Amino acid sequence: GAIHTARVGDRWFLVDAQGNLFHSLACNAMMHAPYWSQAYDETVRDGYAGEADWAQTCCARLQALGFNSSAGGLVEEHRQRNMPFFAGRCLTWAGPHLQDGEGRSIVFPDVFDPRWREGAEQWVREDVAAYADDPLLAGWWTDNEIWMHQPLSHDLGLMGWFWSPATSAELSRWLAERYGGDIVALNR
């Protein structure tokens, strides 16, 4: 009685609650915010009675266009329309981020920091508690477009951002383990 996956021949498929193969056509994000598009955000604020009115209109439009599920955002509105959904959160925001040697942060999680791990685990527990038994739940997602732009640039990517305390300690531990504390082997 729930959406699940099944192997048919040599391929995997989503299967709906009635046992039919299901192709999810979903929109990844339904949102408006000034930092993404000032003009659209102003249109939403000026053109709708409120956030709920915008959300209902947005879901109705997507459904009219043939979308049959939701990959993120407006989950409750899609559930009201009996549409399957994917639940999750951007775990990037669950705790501390990577920093450079001067303490400046970027939008990439410090996954070795226990505070990030605790935050991520808490968010996952909350989502599982909220949705695990929902027959419309099609799956789980985490994050989207994590900040890794221009990975070879010290200014815009990940290179040079390993000096947050937890990640720095983990890198040092790993290098010591890998090279047995032999600085000549590390340098080579």
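Of the residues 109, 96, 34, the one that moves most in a GNM of the chain with alpha-carbon contacts below 10 Å is 34.
Taking the 1.4 Å solvent-accessible surface of the chain as the whole, the part contributed by carbon and sulfur is 57%.
Considering only protein heavy atoms, what per residue accessible area in square angstrom results for the chain with a 1.4 angstrom probe?
On the way: 12100 Å² over 188 residues.
On a per-residue basis, the chain sits at 64 Å².
Computed as a quarter of the hull surface, the mean projected area of the alpha carbon convex hull for the range 69-151 stands at 6.5 nm². Over the chain, DSSP H runs of length four or greater, each weighted -39,500 (n - 2.57), average out per residue to a 222 nm ellipticity of -11000 deg cm²/dmol. At an R0 of 45 angstrom, the distance between the Cβ atoms of residue 45 and residue 8 translates into a FRET efficiency of 0.45.
If you build the convex hull over the alpha carbons only and average its shadow over all orientations, what do you get for the chain? Give it in nm² to one decimal. Please report the intermediate quantities before stating the final value.
Numbers: hull surface 64.5 nm².
Mean projected area for the chain: 16.1 nm², to one decimal.
The values are calculated or read from the model by the stated rules, or taken from the named source; none is laboratory data. Because the structure is a prediction, the values reported are computed rather than measured. For neighbour counting, all protein chains shown are included, and Cβ atoms are generated from backbone atoms with ideal geometry for every residue, glycine included. With ligands, DNA and RNA removed, areas are computed over all heavy atoms of the protein, side chains included. Shrake-Rupley method; radii C 1.70, N 1.55, O 1.52, S 1.80 Å.
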